[in-house]
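J.: Following this message is one structure expressed as structure tokens.
The values are calculated or read from the model by the stated rules, or taken from the named source; none is laboratory data. Being a predicted model, the structure only gives us computed values, none of them experimental. Glycine gets a Cβ as well: all are built from the backbone with ideal geometry, and neighbour counts include every protein chain shown.
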Amino acid sequence: MAGRRSQALDPMAGDRETAAMIHAKPDSDPPLLAVLKGDRRDPPPVWLMRQAGRYLPEYRALRAEKGGFLELVYDSDAAAEITLQPIRRFGMDGAILFSDILIVPHAMGQGLSFGVGEGPQLTPALGDGVLDGLEPQPLHFQKIYETVAKVRAQLPPAVTMLGFAGSPWTIATYMVAGHGSKDQAEARRLAYRDPAAFQALIDRIVAVTVDYLSGQIEAGAQAVQLFDSWAGSLAPAQFDRWVIAPTAEIVSQLMVRHGEVPIIGFPKGAGAKLAAYAAETGVDAVGLDETIDPEWADAMLPPDMPVQGNLDPLALIAGGEALTSSVARIRAAFDERPHVFNLGHGILPDAPIAHVEQLLEMLRRPL
Ligand code: CP3
């Protein structure tokens, strides 16, 4: 297998027995998990980023009843229910924990709110990257672990439970600015102006994230995804330092604690830097955004490395020929490697449910 396992084993490439133990794929692995461990499946298993969310009327109803997004996230019964909604409705192969990447800064002590139509706000914004004065709130994570355990207990064995976290760079962009932005200028500026302070912040996020993902795995997550939504905003040397290096650190620490659990890295917007990301972080699988040409990715990535993606969320909304031709192109490009079908980014709130149903029906037909 490509990724961290072969990397970790490379110096001992002859040690096939160790490799066989680490790669052990019990027959009972559900299809999505089997593909993430390096098997091919036709048809490919499928889940959609943000599959639990606003395009579903049953989500909107529960949100209206509970009053807000964070109220849902920290109510483990509600969050488990929302995680299961797309599984019941569509029969997805993966259930992604209903939560948010910004739970990590919240647990590190920043205030967090999601104002209607405003996007998330973190207070105080860190500005200079220094965490002094924040009071960590580790109990926030306990609620999330409770959700994972509740979902896993109710999940059919053919469905894989996915945990997640944001990658340190993306989390740092929100912590420094206190909100989202188009160009992540505040964090990029700090990283140039005071790399030592920025490094200290990244190191702290790495440590918390390793604990947090370990907690999710111990509660029942069978694979985890690192969302690096803003990986695309960095110059090459900065990408190496703030995306590749901290991701590699998380992967190697998780490898020690939970070597059997696959890690999907999703460096959105990485473009041509995807090759280095796949080779150097040690992730088991890479998520591709919709701007990546699937044929290019197939030619460039190690042939046995699982990929995930990468239908344009707007092609899903358009439906019809735009949808069928995009799906056909993605499936054809990846027909010889382990492939998890997904979108290139989160499903949009105005995605028609009928188009999601058509997509699943299309995918379940053999090529
Ligand atoms: O994929 C899933 O269904 C699981 C849940 C999940 C959410 N957010 C729920 C959510 C996941 C995996 C995320 C990841 C996330 N959150 C990312 C990385 C992926 C990406 O989209 O790039 C980022 C950058 C965030 C931060 C975030 N959360 C923003 C910027 C916003 C506001 C904008 C928006 O899309 O609504 C959120 C809110 C959020 N996270 C909602 C949901 C369902 C909407 C809350 C609501 O109003 O009901």
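J.: Are there helices (runs of 4 or more DSSP H) fully within the range 17-131 with at least 3 residues that are away from the ligand (no atom under 13 Å from the Cβ) and not charged (D, E, K, R)? List them.
T.: In the range 17-131, 31-36 are the helices (runs of 4 or more DSSP H) which contain 3 or more residues that are away from the ligand (no atom under 13 Å from the Cβ) and not charged (D, E, K, R).
J.: Right, next: Out of all the residues in the range 102-118, which are over 19 Å from Ser167 (Cα atoms) and surrounded by 12 or more Cβ atoms within 10 Å (Cβ to Cβ)?
T.: Gly111, Ser113, Phe114
J.: Can you tell me how many residues in the range 132-158 are assigned to a loop (DSSP other than H, G, I, E, B) and over 19 Å from Ala200 (Cα atoms)?
T.: The total comes to 6.
J.: Another question, if that's okay. Please specify each residue of the range 45-65 satisfying the condition of being within 18 Å of the chain's Cα centre (by Cα) and touching a residue at least 60 places away in the same chain (Cβ under 8 Å).
T.: Pro45, Val46, Trp47, Leu48, Met49, Arg50, Gln51, Gly53
J.: In this structure, does Asp304 turn out to be farther than 14 Å from Pro43 by Cα and at pLDDT 95 or above?
T.: Answer is yes for this residue.
J.: Among the residues of the range 153-184, which ones are within 11 Å of the ligand (Cβ to nearest atom) and among the hydroxyl-bearing types (Ser, Thr, Tyr)?
T.: Once the filter is applied, which keeps residues that are within 11 Å of the ligand (Cβ to nearest atom) and among the hydroxyl-bearing types (Ser, Thr, Tyr), the range 153-184 yields Ser167, Thr170, Thr173, Tyr174, Ser181.
J.: May I ask you to say which residue of Ala196, Ala149, Ala172, Ala158 is surrounded by fewer than 21 Cβ atoms within 10 Å (Cβ to Cβ) and under 27 Å from Leu234 (Cα atoms)?
T.: After ruling out the rest, the residue left standing is Ala196.
J.: Could you identify the single residue in Ala197, Ala165 that is within 30 Å of Leu32 (Cβ to Cβ) and touching a residue at least 60 places away in the same chain (Cβ under 8 Å)?
T.: Ala165
J.: Another question, then. Looking only at the range 55-88, count every residue that is under 20 Å from Gln121 (Cβ atoms) and not hydroxyl-bearing (Ser, Thr, Tyr) and tell me the total.
T.: Result for the range 55-88: 9.
J.: Then there's this: Within the group Ile244, Ile292, Ile250, which residue is within 16 Å of the ligand (Cβ to nearest atom), in a helix (DSSP H, G or I) and surrounded by 14 or more Cβ atoms within 10 Å (Cβ to Cβ)?
T.: Ile250
J.: Taking Val286 as meeting all but one of (1) assigned to a helix (DSSP H, G or I); (2) within 16 Å of the ligand (Cβ to nearest atom), write down the number of the exception.
T.: The single condition Val286 does not satisfy is (1).
J.: Return only the number of the condition from (1) polar (S, T, N, Q); (2) under 20 Å from Asp228 (Cβ atoms); (3) assigned to a helix (DSSP H, G or I) that Thr324 does not satisfy.
T.: Among (1) polar (S, T, N, Q); (2) under 20 Å from Asp228 (Cβ atoms); (3) assigned to a helix (DSSP H, G or I), the lone unmet condition for Thr324 is (2).
J.: If you don't mind, another one. Collect the residues in the range 342-356 that are surrounded by 15 or more Cβ atoms within 10 Å (Cβ to Cβ) and either at positive phi or away from the ligand (no atom under 15 Å from the Cβ) (or both), keeping them in residue-number order.
T.: His355
J.: Let me ask something additional. Out of Leu343, Leu274, Leu348, Leu316, report the one residue that is touching a Pro at 6+ places or on another chain (Cβ under 9 Å) and over 30 Å from Gly117 (Cα atoms).
T.: Leu274
J.: Now a separate question. Buried (at least 23 other Cβ atoms within 10 Å of the Cβ), in contact (Cβ under 8 Å) with a residue 12 or more places away in the chain and under 14 Å from the mean Cα position of the chain (by Cα), is that true of Gly287?
T.: yes
J.: Inspect all residues belonging to the range 259-272 and state whether any of them is away from the ligand (no atom under 16 Å from the Cβ), assigned to a helix (DSSP H, G or I) and touching a helix residue (DSSP H, G or I) at 6+ places or on another chain (Cβ under 6 Å).
T.: No: zero hits.
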